[in-house]
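Engineer: The structure follows.
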Amino acid sequence: MSLPPDHPHLATRRIGVLLVNLGTPDAPDAPSVRRYLAEFLSDRRVVEIPQILWQPILRGLILTTRPKKSAHAYAQVWTDEGSPLAAITRAQSEALQAALGDAAIVAHAMRYGQPAIGPAIDALTAAGCRRILIAPLYPQYCAATTATVVDAVGSHLKTLRWQPALRFVPPYHDDAAYLGALKTSVEAGIAALDFTPDVLLASFHGMPERTLHLGDPYHCQCQATARLLSDALGRPVEVAFQSRFGRAKWLEPATDARLEQLGREGRSVAVFAPGFAADCLETLEELAIRGKHQFEAAGGKRFAYLACLNAGAPGSAMIEALVRRELAGWL
């Protein structure tokens, strides 16, 4: 069917895939960290305190003291390609694009910081994507992570006159592709060590304990991941939770306390972070650097940090499998 001469140009209909991770400052300096934390900690799902109470604390105390300390931590793990999280997420996107070829256009975004979700969706629609799969790279569902991605996408859709059709990759804490990739990665990491760890410690990002009682499935899904991985590996996997913040009671046991205990007991440990799709500040600085120091200061001798799935072959194959499954009927 021919179009009228004055008909606006329409791009060829395409399928888009948007990988989304948490976010990162633009640089390892206090002003960049302050901007990032201001956005991150202002999300009502991240900090569930009434804003009239929280914002004075955030603006008057946290954003005047924490950015300098956090910037120092970021500087210890920053790379020539920038933030490890940004570089790895970009590499994951490129690997997925290579795997899908011309079947889809792949992009990536950060929930907080750059590249932002809204402009990424706009770029995909400008390229002709009328159907877009959003893939939050969070294996375990949490309102403070997965749900905030849905919130951000929905908020941006409100600004669009012509909205694309959307799908979301669901949490995949018990998915065979995810567990298989973890098993391969953990076994390879242990095989590369010069010792056999007494304890295999899965460290997940912590959440206030109240979120569990309010119905958030995160804690249960973390435990399920560890249990299923333990079955696959044929050895026990302990669970701990890191990154405590504030005075509220958080999920336990705490990773730092457990590492100190293991150090005092003289037991060797390999710690890994199955809830993180890519290595970042919380894994490279908090676990691999600070966690090791806490363990050794308590008397521990043998410590290893095992890398996240990142953009390696097992992790990339897992992302491709999840995406292809959710694109069924579109491709």
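Engineer: With every protein chain present, what is the per residue accessible area of segment 212-298 (1.4 Å probe, Å²)?
Structural biologist: 46 Å²
Engineer: Mind checking the full-extension length gain between Ser42 and Ala191? Use 0.36 nm per residue of separation minus the Cα-Cα distance, one decimal, nm. Present the calculation step by step, with values, prior to reporting the outcome.
Structural biologist: Details: separation 149, 0.36 × 149 = 53.64 nm, distance 4.25 nm.
Using 0.36 nm per residue and subtracting the Cα-Cα distance, I get 49.4 nm.
Engineer: Sticking with this one: Please label the shape of segment 190-331 as rounded, prolate or oblate, based on the square roots a ≥ b ≥ c of the eigenvalues of the alpha-carbon gyration tensor (a/c under 1.5 means rounded; beyond that, a/b larger than b/c means prolate, else oblate). Write out the running numbers ahead of the final one.
Structural biologist: On the way: a/c = 1.97, a/b = 1.32, b/c = 1.49.
Verdict is oblate for segment 190-331.
Engineer: Between the helical axis of 146-157 and the dominant principal axis of the chain, each derived from Cα atoms, what acute angle in degrees is found, rounded to the nearest 10?
Structural biologist: 20 degrees
Engineer: Using only alpha carbon pairs under 8 Å that are at least six residues apart, calculate the relative contact order of the chain and give it in whole percent. Write out the running numbers ahead of the final one.
Structural biologist: Numbers: 539 pairs, mean separation 69.1, N = 331.
The normalised contact order for the chain reaches 21 percent.
Engineer: Counting only helical runs of four or more DSSP H residues, what would the 222 nm mean residue ellipticity of the chain come to if each run contributes -39,500 (n - 2.57) and the total is spread over all its residues? Please list the in-between numbers first.
Structural biologist: Numbers: 12 runs with 140 residues, N = 331.
My calculation for the chain gives -13000 deg cm²/dmol from helical runs alone.
Engineer: Ala123 versus Glu252, label points 7 Å from Cα toward the beta carbon: distance in nm?
Structural biologist: Label-label distance for Ala123 and Glu252, simple model: 4.5 nm.
Engineer: Then there's this: Trypsin sites (Lys or Arg not before Pro) within segment 192-250: which are DSSP loop residues with at most 12 other Cβ atoms inside 10 Å?
Structural biologist: Sparse-neighbourhood loop trypsin sites (Lys or Arg not before Pro): Arg247, Lys249.
Engineer: Which of the trypsin sites (Lys or Arg not before Pro) across segment 18-64 are loop residues per DSSP, with 16 or fewer other Cβ within 10 Å?
Structural biologist: Filter output for segment 18-64: Arg44, Arg45.
Engineer: Sorted by packing (mean other beta-carbon atoms within 10 Å per residue), highest first, where do 166-174, 60-68 land? Intermediate values should be presented prior to the final figure.
Structural biologist: Numbers: 166-174: 18.4, 60-68: 14.1.
Top of the packing list down: 166-174, 60-68.
Engineer: Right, next: Specify the angular offset, from 0 to 90 degrees and rounded to the nearest 10, of the alpha carbon long axis of helix 84-100 from the longest principal axis of the alpha carbons in the chain.
Structural biologist: 50 degrees
Engineer: Taking θ as phi - 60°, what are the ³J(HN,Hα) couplings along segment 222-239 by the Karplus curve (6.51, -1.76, 1.60), each to the nearest whole Hz, with x for Gly and Pro?
Structural biologist: Those phi angles translate into 5, 4, 5, 4, 5, 5, 5, 5, 4, 4, 5, 7, x, 7, x, 10, 7, 10 Hz.
Engineer: Which residues' amide hydrogens lie under 5 Å from the amide hydrogen of Cys308, considering only partners 5 or more residues apart or on another chain, with H built in the peptide plane?
Structural biologist: The list, which skips near neighbours in sequence, is Asp279.
Engineer: While we're on this one: Please tell me the relative contact order of segment 235-331 in percent, rounded to the nearest whole number, where contacts are Cα pairs under 8 Å and at least six residues apart.
Structural biologist: Worked out over segment 235-331, it gives 28 percent.
Engineer: Further question: Would you report the distance distribution of C-alpha pairs in the chain as whole percents per 10 angstrom bin, up to the bin with the largest distance?
Structural biologist: 5, 24, 33, 24, 9, 3, 1, 0
Engineer: Moving to a separate point now. Taking the 0 to 90 degree range and rounding to the nearest ten, how far is the long axis of helix 255-265 tilted relative to the main principal axis of the chain, both from C-alpha atoms?
Structural biologist: Once rounded, the angle reads 30 degrees.
Engineer: Could I ask something else about it? Report for the chain the percent antiparallel among DSSP-assigned beta bridges with both residues inside it, nearest 5. Please list the in-between numbers first.
Structural biologist: On the way: 2 of 36 bridges.
So the antiparallel bridges in the chain amount to around 5 percent.
Engineer: Where in segment 56-97 is the amide nitrogen less than 16 Å from a point lying 7 Å along the Cα-to-Cβ axis of Asp29?
Structural biologist: 67-76, 78-79, 82-83
Engineer: Whole number please: convex hull volume per residue, Cα atoms of segment 75-195, in Å³.
Structural biologist: Cα convex hull per residue, to the nearest whole number: 160 Å³.
The values are calculated or read from the model by the stated rules, or taken from the named source; none is laboratory data. Every value quoted in this text rests on a predicted model; they were computed, and no experiment measured them. Here Cβ is always computed from backbone atoms with ideal geometry, including for glycine, and neighbour counts include all displayed protein chains. Note: areas computed on protein heavy atoms with side chains; ligands, DNA, RNA excluded. Shrake-Rupley method; radii C 1.70, N 1.55, O 1.52, S 1.80 Å.
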